[in-house]
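Structure first, commentary second.
We did not get these values from a lab; they are worked out from the coordinates using the rules stated. Remember, predicted model here, so these are calculated numbers, not experimental data.
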Amino acid sequence: MNNRDILETWFRRVWLEEDLSAIDDMMAADAPVHGLEKSPHVGPADFKAFAGALLTHITDTSISIDEYMENGNQVSLLMNVSAKCRKTGKPVQMFGLAMCRIVDGKIVQAHNYADFMGLFEQLGVLPADAMQKCLCGEALGTAQK
């Protein structure tokens, strides 16, 4: 399996099929994953907690790889994520960038950058204008339902 196939399998199993055991199968035990929260996640257990928490908000996920580059065991990709809010069924979408190092078929390091603020605005967890309020120096109030 080539590196793109590995990542496509990762996306399918973890995010589309919601199979968190895939994380154990496809991630090295000490793999650092940066960019999802303040501190990096290290290894499958940390990442499973993140993925499980995110999956409580979304379902019916699809991911397209819009751009892909590979240099040896380093890969970079731009992805478009579409899903539905688990609570309301409303469609949501976000874009993200992932840079991974893959060795022997496993993710050994990852850097992820995704528009989580936009996603959480769409899910109703943040106010719809959260970014604008932050840019103006306003404190965020309670999310609008």
### Query
Relative to the first principal axis of the alpha-carbon coordinates of the chain, what is the inclination of helix 43-55, with its axis defined by its Cα atoms, in degrees from 0 to 90 and to the nearest 10?
40 degrees
#### Entry: Pairs of Cα atoms farther than 18 Å apart, the chain, %
59 percent
### Task
Convert each backbone phi in the stretch 60-74 into a coupling constant with the Karplus relation 6.51 cos²θ - 1.76 cosθ + 1.60 (shift: θ = phi - 60°), then list the ³J(HN,Hα) values in order as whole Hz, x for Gly and Pro.
6, 7, 9, 10, 10, 9, 7, 9, 8, 9, 9, 9, x, 8, 9
